[in-house]
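Worksheet: one structure, shown below.
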Amino acid sequence: MTVNFDNAATTFPKPPEVRLAVEKAIAWYGSSGRGSHPIAARGSELIYHAREDIAAFFDAEPENVVFTANCTHALNLAIQGIAKQGGHVIISSLEHNSVSRPVYALARNQKLQYSIASVTASASETLENFAKLIRSDTIAIICTIASNVTGQILPFREIGALCQEKQICFIADGAQACGVIPVSLRDQINILCTAGHKGLYGITGTGLLISDGKYAIPPLMQGGSGSMSLQPEMPDFLPDALEAGTLNVIGAASLRAGVRFVKRKGIENIYHTEMSLCDRFCERMQKLPDVILYREAGADYVPIVSFNIRGRQSEEIANQLAKQGFCLRAGLHCAPLAHYALHTMEITEGAVRFSPSVFSGMQETDRLCDLIKKFV
Amino acid sequence: MIRAILPSETHARKAQKILKQNGYFSEIIRVNQFRIGCGYALRIAGEPEEIQMLLLSANIPVRSLERERDSS
């Protein structure tokens, strides 16, 4: 039997209601925003209801909910859009490549300058590290809410308040946080980017950019929007400005069902279910002297735990676990900055990541721990 | 009937919901706007001033709002 502990990549399995929503969408919906005939109208209605439900979940307005292909797509829209004006941005030392690569590419082309704020176990120290990097030309802080490697939660609400005070844009990457901890535009996030297929339980190929409308985001792609078609430029209003081409109606249907599932289950229940598995995992791993756990006292975490075994390559451990049916991700997790910060490069060039979902169980967690114990 | 032209289908659907909450039933139609192209409008039975007020107070950008010509 296969057990998925790689839910930080994509939650699997999906809730039954998500599967049903996908089946219904294939059978029932056409494109959206492309006509007034019944098939298109049904698609448009579904898309609007999805925007409404997602907006309510994040305390946003429906028209400021933009459907994207994934979180990377949303982050590229936000980062490249905001960077049009040039200037300086600050990212954290735990960023995924979906933040660091677009920033680096803009810097290499001399369109942007950037600094990296060190994240420590202390929220106040981390906040101070961000604050002291702010310059007169700083236009934004772009950072993850929770690391996809360690699960560490950054003091994102305080960072939001800092950005508000300094009148700079706050772009937050919610890929590992949304659906697991409460995240809202009321946290003074100007642009929230997130995946639809992780903690929100939609299908792959779904992501979201949710704006508070304060910062204009020029489009990266041009094309059909179903509105203002005679004009040579894209419309200048959301969501049409950033949604060139036919929308992923089936994905939006799945994401709506996923968000409703999370609401019904309750974020607190989801968090406690998954954290209890992480706590058990950590408790058992701490008893093994050769296991290195990337957790620090004083820090807060989403349900993700990374670890290494001294003298063993992370990929080798993950391969051995996979042979026994346990799916965990090893290596760099597309987040080399975080691995440099954790010094895993000096040990095994990466780490093994344990990330449960609300469908994971204690028995499977114990079986995994038993197996790792045999490796040590 | 009043015809309210709105920037997008999303705005049209949001406006429709707000009007419904205030007792106005409306129909979303696609329209072709002069020199702009595809757009969306709401057809509503009611007083233009009150409808405009409701939409503006909900921060819905109304491009134009006018009485439809009698086609009889």
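When the Kirkwood hydrodynamic radius is evaluated over all pairs of different C-alpha atoms of the stretch B:2-66, what value in angstrom, to one decimal, is obtained? Present the calculation step by step, with values, prior to reporting the outcome.
Numbers: mean 1/r = 0.0875 Å⁻¹.
Kirkwood radius, the stretch B:2-66: 11.4 Å.
Counting Lys and Arg as +1 and Asp and Glu as -1, each charge on the Cβ, what is the dipole of the stretch A:197-286 about the Cα centre in debye, to the nearest 20?
Values: 9 positive and 9 negative charges, 104 e Å.
With only Lys, Arg, Asp and Glu charged at Cβ, the dipole is about 500 debye.
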Original post:
Distance in nm between label sites at A:D370 and A:A244, each 7 Å beyond Cα in the beta-carbon direction?
Top reply: 5.5 nm
Original post:
With every protein chain left in place, what is the accessible area per residue of the protein assembly as shown in square angstrom, probe 1.4 Å?
Top reply: 44 Å²
Subject >> D (Stokes-Einstein, µm²/s), Kirkwood Cα radius, the protein assembly as shown, 1.306 mPa s at 10 °C >> reply: 68 µm²/s
Subject >> Between the stretch A:1-58 and the stretch A:75-119, the alpha-carbon center distance in angstrom >> reply: 31 Å
Subject >> Space enclosed by the convex hull of the alpha-carbon atoms of the stretch A:16-265, per residue, Å³ >> reply: 115 Å³
Original post:
Under a plain spin-label model, where a point goes 7 Å from the Cα along Cα-to-Cβ, how far apart in nm are B:I29 and B:M1?
Top reply: 0.4 nm
Original post:
Whole-Hz Karplus ³J(HN,Hα) for the stretch A:170-179, in order, using 6.51 cos²θ - 1.76 cosθ + 1.60 and θ = phi - 60°, x for Gly and Pro?
Top reply: 10, 9, 10, 9, x, 3, 9, 9, 5, x
**OP:** Between the chain alone and the structure with every protein chain in place, find the residues of the stretch A:200-246 that drop at least 30 Å² of accessible area; heavy atoms, 1.4 Å probe.
**Re:** A:G226, A:M228, A:S229, A:L230, A:F237
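Between B:A45 and A:N269, how high is the FRET efficiency from 1/(1 + (r/R0)^6) when r is the Cβ-Cβ distance and R₀ = 41 Å? Nearest 0.05.
Computed FRET efficiency for B:A45 and A:N269 comes out at 0.35.
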Original post:
Summed for both chains, how many Å² of accessible area, to the nearest 100, are buried between A and B with a 1.4 Å probe?
Top reply: 1600 Å²
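When Cβ neighbours within 10 Å are restricted to other protein chains, what is their mean count per residue of peptide B:2-13? The partial results should precede the final answer.
Details: counts 0, 0, 0, 0, 1, 8, 13, 15, 18, 7, 4, 9.
That average works out to 6.
Rounded to the nearest 5, what % of DSSP beta bridges with both residues in the protein assembly as shown are antiparallel?
Details: 35 of 56 bridges.
So the antiparallel bridges amount to about 60 percent of the total.
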**OP:** Measure nothing fancy, just the Cα-based angle from helix A:71-82's long axis to the longest principal axis of chain A, in degrees from 0 to 90, nearest 10.
**Re:** 60 degrees
**OP:** With only Lys, Arg, Asp and Glu charged, each at its Cβ (+1 for the first two, -1 for the last two), find how big the charge dipole of the stretch A:266-375 is about the Cα centre; round to the nearest 20 debye.
**Re:** 360 debye
Original post:
Using mean Cβ contacts within 10 Å as the protection proxy, how do A:353-363, A:126-136, A:203-213 order, highest first?
Top reply: A:203-213, A:353-363, A:126-136
Subject >> Solvent-accessible area, 1.4 Å probe, carbon plus sulfur percent, for the protein assembly as shown >> reply: 50 percent
Original post:
At a 1.4 Å probe, which residues in the stretch A:5-48 are at least 50 Å² less accessible with all protein chains present than in their chain isolated?
Top reply: A:Y48
Original post:
Near A:K265, which lysines are there with a Cα under 24 Å away, not counting those fewer than 8 places off in the same chain?
Top reply: A:K14, A:K24, A:K198
Subject >> Vicinal HN-Hα couplings computed from phi for the stretch B:24-39 (Karplus, 6.51 cos²θ - 1.76 cosθ + 1.60; Hz; Gly/Pro x) >> reply: 9, 9, 9, 10, 8, 10, 8, 10, 9, 8, 4, 6, 10, x, 4, x
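Roughly speaking, what is the stretch gain from A:N97 to A:N109, that is 0.36 nm per residue apart minus the C-alpha to C-alpha distance, in nm to one decimal? Don't skip to the end; give the middle numbers.
Values: separation 12, 0.36 × 12 = 4.32 nm, distance 1.73 nm.
Difference between extended and current length: 2.6 nm.
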Original post:
Dipole of the protein assembly as shown (Lys/Arg Cβ +1, Asp/Glu Cβ -1, origin at the Cα centre): which of A:L94, A:Y114, A:P356 lies farthest to the positive side?
Top reply: A:P356
**OP:** For A:S92, enumerate residues with amide H under 5 Å from its amide H, sequence gap 5+ or separate chain, H modeled in the peptide plane.
**Re:** A:A117, A:T144
Original post:
Based on the alpha-carbon gyration tensor of the stretch A:266-375 and its eigenvalue square roots a ≥ b ≥ c, which shape applies: rounded if a/c is under 1.5, prolate if not and a/b is larger than b/c, or oblate?
Top reply: oblate
Original post:
Comparing the chain by itself with all protein chains present, which residues of the stretch A:56-76 are at least 40 Å² less accessible (probe 1.4 Å)?
Top reply: A:E63
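So, with +1 on the Cβ of K and R and -1 on the Cβ of D and E, and no other charges, what is the size of the charge dipole of the protein assembly as shown about its Cα centre, to the nearest 20 debye?
Values: 45 positive and 44 negative charges, 154 e Å.
With Lys and Arg at +1 and Asp and Glu at -1, about 740 debye.
The values are calculated or read from the model by the stated rules, or taken from the named source; none is laboratory data. For clarity, every value in this text was computed on a predicted model and none was experimentally measured. Here Cβ is always computed from backbone atoms with ideal geometry, including for glycine, and neighbour counts include all displayed protein chains. For the accessible areas, the whole protein counts, side chains as well, though only heavy atoms, and no ligand, DNA or RNA atoms are used. Shrake-Rupley method; radii C 1.70, N 1.55, O 1.52, S 1.80 Å.
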